[in-house]
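These notes concern the structure reproduced below.
The values are calculated or read from the model by the stated rules, or taken from the named source; none is laboratory data. All values derive from a computational prediction rather than experimental measurement. As a convention, Cβ positions derive from the backbone with ideal geometry for all residues, glycine included, and neighbour counts pool all protein chains shown.
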Amino acid sequence: MSATGVGASVARTEDDRFLRGRGQYVADWRVPGTREVAFVRSPVAHARLRAVRAPEDCAGTVFTAADLRGVKPVRAITSIKGFKLSSEPILATGKLRFVGEVVAACVAATRAEAEDLAERVELDYEELPAVTDMLAARRPDAPLVHEEWGDNVFIETVEDRGMTEAVLAAPLKITREIRTARQCMFPMEGRGALAFRDDRLRCLTLVSATQMPHIVQLGVADCLGLPDSAVRVISPDVGGGFGYKGLLCREEVVLGWLAQTLGHPVRWLEDCREHLGANANCREHHYVVTGFADRDGRLLGIDCVAHVDAGAYSVYPTSAALEASMVASLIPGPYDFRAYRCRSAAVATNKCPILPYRGVGRTGVCLAIEAVMDGIAREIGVEPYEVRLRNLVRPEQMPYDNVMGRHFDGGDYPEAVRRAVAAIGVEAIRARQTRGESDGRLIGVGLAVFCEQGAHGTTVLASWGRPVVPGYEQAIARLTVDGDLEIRVGTHSHGQGHETTFAQVAHEVLGVPFARIRVMQGDTLYTPFSTATWGSRSMVMGGGAVAEACRILGERIKAIGAWLMQADPADATVGDGCVRTASASVSFAEVARAWYLQPQHLPPDVDTGGLEVTAGYRAKRDSGTFSYAAHAVCVAVDPETGLVEILDYVVLEDGGVLVNPMIVDGQVRGGTVQGIGTGLFEAVSFDAQGQPLASTLVDYLLPGAGDVPEIRVLHMETPSPNTTFGAKGIGEGGAIGPPAALVSAVNDALRPLGVELQGVPLGPERILAAVAAARASTSA
Amino acid sequence: MKPVAFETVRAASLAEASRLLREAGGGAKLVAGGQSLGPMLNLRLARPRLLIDVAGIAELTVAVDAADQVVLGSCVTTAAVEDGRAGDAIPMLAEVAGHVAYRAVRNRGTVGGSLCHADPAADWPTALAALGADVIISDGRTERSVPVAGFATGAFETALAPGEILVRIRVPVPSHSAAWGWVKLTRKAGEFALANAAVLVDHERGICRIAIGALRGPPLVVGDARGLFGGGPVGAGALDRVALNRLLGAHGGDGGTERALHVTALARAADRAAAVRSRT
């Protein structure tokens, strides 16, 4: 293994500028003449909007839906049959459907003055009853978010595979009802965009904090009625995405329109209040799940009714259908059973549209099925990990097609559990529980195991009805005159370290010194089209494309190099930045010099494509890679305060071949911290009128350094048979396991009190109420 | 999230600050560390026309550590108390200070500012009330004193009259044999308290005082809390939880699990008081 190739923990190239404060985020861009935008947002969750009135002295600075003539609404069209389309106006018109919905844009010299303007804009509306609960939204008398639908259901899907009377009559029936809270994703950098007209390139330029520049380019162009070539999107350094920046934002369209119309640059930077008040947009699910098992705890079947609170609109490009579809297909988890029923619905409510947050449907799904596994363990009186071991797909079954036809590509799931159980020390924890704690707290151990479909390919996404289905991921590799290597990719790194890892991939293929490889991304002007970075796909897809482009470039370099050495290309090899034969070598720089500057030395049959290659890549089998993991956690629960302390946390992860193990560990740890947030802290509550009740970080708790122990990350490494280098998608797994593991652990701790909690987050109120209820029922 | 436009002035003296405050007739706000006012300005919840910066007035930043009392200028920072830079005669002060918000907030946030902001969830009002502190208030000409226990009159409301400024805080030094306990329950380090409670037992001075904060309004202070512990040694086991529940109810606190947290906080403070000496 090279010190900078695939498998090496190379220090991140991009960190030099990040750590020195030289990153270049949207807010760091300076374009002369820029004016600031503040948005007027809906103060209510549901209302008929009669009028928007700007003060008379504000002409030319306040813009409403009436001004946006010809601008098309956002419509995420999916191919799923029965899906009800929502039409999301760029600025609200007709109705207000959630708190924070953008109604008007105010333009001024400074943000403060723009906010002054926004305060003076009057909204004339008639408030309507709000739909704030996804289950209540299904009642026949529920108010309708979109009247023309006749109900509040975006889509309902039914799966029914192999369920028999025999399974339904199984000796064990374990039912759990689980609810997860609405969350805000809270990347370090919020959304933001700067738009200006570029008369030289004859295009609208949008600098935006987005995960997917080409998708935003398509979306903005479509809404504004421009060809996509007339819109350039630059996605510079972006401070975290997690799905929050994986969509077309209305604000981006408004800024594009303002820049085109006003002729001067405009900028909007989302602030914390907007994030909390208008964008609690992820994770809210409800499950009633029943596991059928024999007396040994062997799972025979699962029956599930799942709801996803999808909010008021279907966003582009993920659509409101994605999460419910995912839930239906992923409930079976990593387990081996053959009877499955699931009804899952995406329900419209008067909340902001749901977006897929790191882990997406898997986080709630894992919580639901692991609660069933814990329930079985309680019922038959064995260790929860034992029930997992009895039901996980075994290594000798791999590759394994599960009840939903998911194709597990390899690995040893039971071994992952055994190692996690050994690492957390379940036996020692049991002994400690018997001894008791001097401070009166209760100790518990919890476990969650899951597999993580990542790098979903064409067939998977087409089946989920996504409006934009990824195909061949492309990369451009170019040898410069000096023999350096330029890599251009359409994926986008917003924390993942692609400038480093893609260079490692290129180095692995061509041997160009790592320091002489430059990875470029984030500009539709010079990168290949891509659906970009989401769904744990970039290393598999983008990395595969980089490798393929480099491989082809290597062939061209070899042909020229061999000619320069008067050798047969068949006798030459490429590596270490040189073309070699047994007796001679020429450097890439010499080859480049021949192509660019001294073409009289080129072979007569030279590939006229030169030293620049665009190549596409699709995995051999594109049904997705399956990373898997076991999370084990030890907690101390204070039954008098309801406070939970995490004493130890172990992640056993198999992400296939790790291109950069250090970066993967960082991904796992970061994801796990977000999962701890889901499990213990994060929730936006809504009142009956649909007002989000968190307006600052005092109300919305994020996990902090003091709340997270040293997360111990252990690895197994089963290469994927279907991808270049055997890599698997790994970006989301950390955020999937923690809620399930924490619920499992807290319930283990509170078991002596007869308490079993379901749902997250596990805040003190929920725990204290459950403890009080259990005590009352014991004493009654 | 940018404030409404305002003017700002650095007052050179207490008299000047008081005069500016009176002249503005309710349109002005004092600012010292700005750790609570800053966010309120940005959220446009506070919209003063004028901010009068008092952090540069020398007499407000002085701390005096005398034998019988610690006197903190109102603009002494919480970090200064945490570090012992404002004296170390009362160890409980540093203990309380060290758990107020985050260090970055403590570096700027002031003890007097916390009292004047009168956030029910703040720590200083509870802790200083338990210690029997009082505040000295000036209108620029004359001074008056008010016990901390009576300074906050409601959530975000104080006994300050228009034009008045909190100048300093006097904290009596407990005797050598006194015992104290301070408990703050939070969901995570640095957050506002879910519950906080303090117990001071000073037999030499005949003091057995408790304070419970993070209620809906000002802290509940019981000057003579011996009855709550059955007249005997203070500790969680001796705490009359029924009586305390009744007091909390009468004080207008929350019920249910929230009240249980306040009771737990006090019980644990009592246990700590049994274990911690005020002077070491």
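Data for the structure
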read-out	value
Lone unmet requirement of (1) within 14 Å of chain B (Cβ to nearest Cβ); (2) within 28 Å of A:Glu437 (Cα to Cα); (3) under 26 Å from the mean Cα position of the chain (by Cα); (4) modelled with pLDDT under 95 for A:Gly759	(1)
Filter pass, A:Leu702 being in the same structural domain as A:Pro738 (by TED's automatic domain parsing) and either closer than 30 Å to B:Lys184 by Cβ or in a helix (DSSP H, G or I) (or both)	yes
Flag if A:Asp638 is within 14 Å of chain B (Cβ to nearest Cβ) and out of contact with any helix residue (DSSP H, G or I) (no Cβ under 8 Å at 6 or more places or on another chain)	yes
Complete set of residues in segment A:498-511 that are buried (at least 24 other Cβ atoms within 10 Å of the Cβ) and either among the aromatic types (Phe, Trp, Tyr) or assigned to a loop (DSSP other than H, G, I, E, B) (or both)	A:Phe502
Residue match in segment A:537-545 (condition: among the β-branched types (Val, Ile, Thr) and over 23 Å from A:Pro721 (Cα atoms))	no
Evaluation of B:Ala189 against (1) surrounded by fewer than 22 Cβ atoms within 10 Å (Cβ to Cβ); (2) away from chain A (no Cβ under 14 Å); (3) of a type outside the set (Ser, Thr, Tyr) (one fails), failing number	(2)
Matching entry among A:Phe681, A:Phe725 (being within 14 Å of another protein chain (Cβ to nearest Cβ) and among the aromatic types (Phe, Trp, Tyr))	A:Phe681
Counted residues, segment B:148-181 - those being among the hydroxyl-bearing types (Ser, Thr, Tyr) and either buried (at least 17 other Cβ atoms within 10 Å of the Cβ) or in contact with a Leu (Cβ under 6 Å, 6 or more places away or on another chain) (or both)	1
Residue check for B:Val167: farther than 13 Å from B:Leu128 by Cβ, assigned to a strand (DSSP E or B), away from chain A (no Cβ under 14 Å) and over 17 Å from the mean Cα position of the chain (by Cα)	no
Any chance A:Gly311 is within 14 Å of chain B (Cβ to nearest Cβ), within 30 Å of A:Ala193 (Cα to Cα) and out of contact with any Leu (no Cβ under 8 Å at 6 or more places or on another chain)	no
One residue from A:Ala38, A:Ala47, A:Ala65 being touching a Ser or Thr at 6+ places or on another chain (Cβ under 9 Å) and surrounded by 16 or more Cβ atoms within 10 Å (Cβ to Cβ)	A:Ala65
Number of positions in segment B:118-168 that are without any contact (Cβ under 8 Å) to a residue 40 or more places away in the chain, among the small types (Gly, Ala, Ser) and under 16 Å from B:Gly73 (Cα atoms)	2
Selected residue [assigned by TED's automatic domain parsing to the domain that holds A:Cys58, surrounded by fewer than 19 Cβ atoms within 10 Å (Cβ to Cβ), farther than 30 Å from A:Ala293 by Cβ and modelled with pLDDT of 95 or more] from A:Glu148, A:Glu115, A:Glu119, A:Glu101	A:Glu119
Residue ranges of strands (runs of 3 or more DSSP E) in segment A:75-166 with at least 3 members under 23 Å from A:Ala345 (Cα atoms)	A:153-161
Filter result for B:Ala86 (among the small types (Gly, Ala, Ser), closer than 21 Å to B:Val171 by Cα and part of a loop (DSSP other than H, G, I, E, B))	yes
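Each row is one residue, and each column tells you yes or no for (1) of a type in the set (Asp, Glu); (2) within 14 Å of chain B (Cβ to nearest Cβ); (3) surrounded by fewer than 20 Cβ atoms within 10 Å (Cβ to Cβ); (4) without any contact (Cβ under 8 Å) to a residue 40 or more places away in the chain.
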site: A:Ser623; (1), (2), (3), (4): no, no, no, no
site: A:Gly655; (1), (2), (3), (4): no, no, no, no
site: A:Leu658; (1), (2), (3), (4): no, no, no, no
site: A:Gly677; (1), (2), (3), (4): no, yes, no, no
site: A:Leu697; (1), (2), (3), (4): no, yes, yes, no
site: A:Pro703; (1), (2), (3), (4): no, yes, no, yes
site: A:Val708; (1), (2), (3), (4): no, yes, yes, no
